[in-house]
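Got a structure here, written out as structure tokens. Questions coming.
The values are calculated or read from the model by the stated rules, or taken from the named source; none is laboratory data. As the structure is a computational prediction, the values presented were derived from the model and not from experiment. With ideal geometry, Cβ positions are generated from the backbone for all residues, glycine too; neighbour counts draw on all protein chains shown.
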Amino acid sequence: MKYVTEPELITAGKCNLQMIESGILKKKYSLKEISEILPGIIHVNAVDDFSIHFINKYGEEKYGMASEEIAAEGEKFIQRIFEPGTLEVFSEPLIQMIQEDDRSQVISFFQKVELNKNVGYKWLLTTSKILKGRNEFISVSQELSGMDGSIRAVTKLLDDNLYLRKNIKKFGSLTKREKQILKLVTRGLSTKQVAEKLFLSPQTVKTHRKNISKKLDLKRIIDWEYFVNVFEI
């Protein structure tokens with residue numbers, strides 16, 4: 001089996017977008033016709049609120065909704081498919097492209113969306129450009145699966161980076177002492193052992209642990225461990 005690599009997907013996405021736009025402008029074919037032939041989720045969004053005006057049949061299958069239903073939801077659909085707190089992160093490259101208003105520019109970026117409730121959130125490699133003569137941009141999205149062996153490392157890096165950006169304020173809210181205790185607890189030390197190591201009373205350590213849980217909104221040690229690893233505490 002031949003696996004598709006990330007650079008190949010980016011190149012293919014750019015070529016497909018340019019071919020779609022050229023064909024539509026020259027009236028060789030309709031958007032619907034060409035989008036059913038080319039691979040990937042192909043959709044057209046409004047530049048003002050990102051609401052989807054068109055999505056191909058493959059996209060309908062992936063999201064488990066008809067194109068008309070997606071269009072009817074408008075901006076709500078976009079807000080719903082992203083994890084809470086991540087839409088602003090993933091929209092940054094699109095906003096920059098729209099502000100620059102360079103109709104020849106083609107951008108590629110990663111985004112994590114919920115394709116459908118049974119599948120859950122998946123990483124997509126998306127390539128987009130603003131359509132000439134229209135207040136819309138067109139995108140081709142491919143799932144990061146079925147590629148070469150480096151895909152697991154890539155998706156883990158993306159997950160860690162997203163987690164870091166989502167929780168950077170929580171990290172900043174921790175005091176130096178709280179970070180020390182957080183690190184020791186995730187290394188397996190008990191409250192008593194942490195207290196002895198830092199020359200604190202067990203009750204003081206318990207209070208710090210309670211404050212850490214509240215600030216991070218994390219109660220399980222396994223979640224504390226992931227936080228410590230991502231932020232390299």
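Would you call ILE95 within 30 Å of ASN167 (Cα to Cα), of a type in the set (Val, Ile, Thr) and surrounded by fewer than 16 Cβ atoms within 10 Å (Cβ to Cβ)?
Answer is yes for this residue.
For a quick check of your reading of the model, give me the residue pairs whose first member lies in segment 21-50 and is more than 15 Å from LYS129 (Cβ to Cβ), whose second is of a type in the set (D, E, K, R) and modelled with pLDDT of 85 or more, with beta-carbon atoms closer than 9 Å and at least 6 apart or on different chains.
From residues that are more than 15 Å from LYS129 (Cβ to Cβ), the pairs are LYS32/LYS57; GLU36/LYS57; ILE41/LYS62; ASP49/GLU75.
Looking only at helices (runs of 4 or more DSSP H) that lie completely in segment 185-233, which have at least 1 residues being under 26 Å from the mean Cα position of the chain (by Cα) and under 18 Å from ASN167 (Cα atoms)? Outline the logic, then answer.
Working: elements: 191-198, 202-216, 221-231.
Of the helices (runs of 4 or more DSSP H) lying wholly inside segment 185-233, those with at least 1 residues that are under 26 Å from the mean Cα position of the chain (by Cα) and under 18 Å from ASN167 (Cα atoms) span 202-216, 221-231.
In addition: Here is a list: SER145, SER150. Which entry is within 16 Å of ILE41 (Cβ to Cβ) and at pLDDT below 80?
One residue alone meets the criteria, SER145.
Same structure again: Looking only at residues in segment 25-43 that are at pLDDT 75 or above and outside any loop (DSSP other than H, G, I, E, B), which one is surrounded by the most Cβ atoms within 10 Å (Cβ to Cβ)?
So, considering only residues that are at pLDDT 75 or above and outside any loop (DSSP other than H, G, I, E, B), the one surrounded by the most Cβ atoms within 10 Å (Cβ to Cβ) is ILE42.
Give THR127, THR186 a once-over and let me know the one that is modelled with pLDDT of 90 or more and farther than 24 Å from PRO84 by Cβ.
Going through THR127, THR186 in turn, the sole match is THR186.
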